[in-house]
Amino acid sequence: MKEIKSADRYEERDLKAINGWAVLFGGIILYLGALALTIAAGIKLESEENAVNFAMLIVGIVWLSIGWLPFLGLRVIKPNEALVLTLFGKYIGTLKKEGFYFVNPFSSAAMPQNSNTIVTVVAAPGGSTAALNRPRTKVSLKMLTHDNKKQKINDQMGNPIEVGIVVVWRVVNTARALFNVDNYETFLSIQADSTLRDVARCYPYDSTDSDEKTLRGSAQEVCAQLREELQKRVENAGLEIIEARITHLAYSPEIAAAMLQRQQATAIIEARQKIVDGAVGMVEMALNKLSESKVCELDEERKAQMVSNLLVVLCGNKDAQPIVNSGSIY
């Protein structure tokens, strides 16, 4: 994957902000003082017009006009939230610690294009409610879940399969998330799709070889590779992939029936092999026991007949119906 040049890569830096409570109470006191100064200067000007009273009136009026500007810089940061600020298009820093702060009132919050909106329900006349959509101004630092819907992919053997994954992620570098990519959520979704295709085609869905890694039998190894590969692709977007897990894995409907028959045939063959191995061992043990205990002496023809009968009984699908010979065996 092509690396982003250092000149085009933004790194996060903490913004040193002033305590908001001091600015709030200080601004209120100054605003009230400006109001009192304006009223006092106006009263004095009625009785005596001089430059001092006129200057006091001008100062009071000016502060009443612009005294509300500091209140625009008051920002509230909740836990696991971040506020990315720009000043006239230049990135100045990020507020990540919860609290009440004062920042430059001319700064603005940076958010990706097509970002999610916050829906606010307000009461409307007549007892009804109305929903207001306003842009989200903060970046969430919480762990989020991306559900990648199942998609059709060819495995290593070329068989079409359906695979779906869920990705647990979070934003760790707000500057990269907002300035290196257009929309980090859409970027993550596309990268998750491409990563899933690249990883899934490296493994077969299933295999008879117990040592071979497969999508069905080696889920932990496949998920670890998914997380590692996806982390490399979203590193420049300031995202951390915490976990990637397969939520859906199945053959495509067009070959599911045929693959089920193949699995059933493979299971039957493996079961038959175990049955035959066990039956041969039991026949060998029976012959050895008869020979050691000298219960009876069997010639080669009788041994062959006994072996045939035992194999029929042990390997048959149904219970054998024995015929008891009440006479001589010869």
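The values are calculated or read from the model by the stated rules, or taken from the named source; none is laboratory data. If you're wondering where the values come from, they're calculated on a predicted model, not measured in any experiment. Glycine also receives a Cβ, built like all others from the backbone with ideal geometry; neighbour counts cover every protein chain displayed. Protein only, heavy atoms only, side chains kept; ligands, DNA and RNA dropped before computing areas. Shrake-Rupley method; radii C 1.70, N 1.55, O 1.52, S 1.80 Å.
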Pairs only if they're at least six apart or on different chains, beta carbon under 6 angstrom, first in segment 13-24 and more than 9 Å from TYR101 (Cα to Cα), second hydrophobic (A, V, I, L, M, F, W, C); list them, first residue then second.
LEU15/LEU95
Residue pairs, Cβ under 9 Å, 6 or more apart or interchain, first in segment 210-226 and farther than 15 Å from ARG197 by Cα and in contact (Cβ under 8 Å) with a residue 12 or more places away in the chain, second among the β-branched types (Val, Ile, Thr) and surrounded by 15 or more Cβ atoms within 10 Å (Cβ to Cβ). List them.
ALA219/ILE246
I'd like to know if segment 254-277 contains one or more residues that are more than 60 Å from the chain's Cα centre (by Cα), modelled with pLDDT of 75 or more and either of a type outside the set (Gly, Ala, Ser) or more than 30 Å from GLU162 (Cβ to Cβ) (or both).
no
Checked against (1) surrounded by fewer than 15 Cβ atoms within 10 Å (Cβ to Cβ); (2) β-branched (Val, Ile, Thr); (3) in a loop (DSSP other than H, G, I, E, B), ILE242 satisfies every condition except (3)
Find the strands (runs of 3 or more DSSP E) located wholly in segment 16-102 whose residues include 1 or more that are closer than 30 Å to ALA177 by Cα and open to solvent by 100 Å² or more (accessible area, probe 1.4 Å), and list them.
90-95
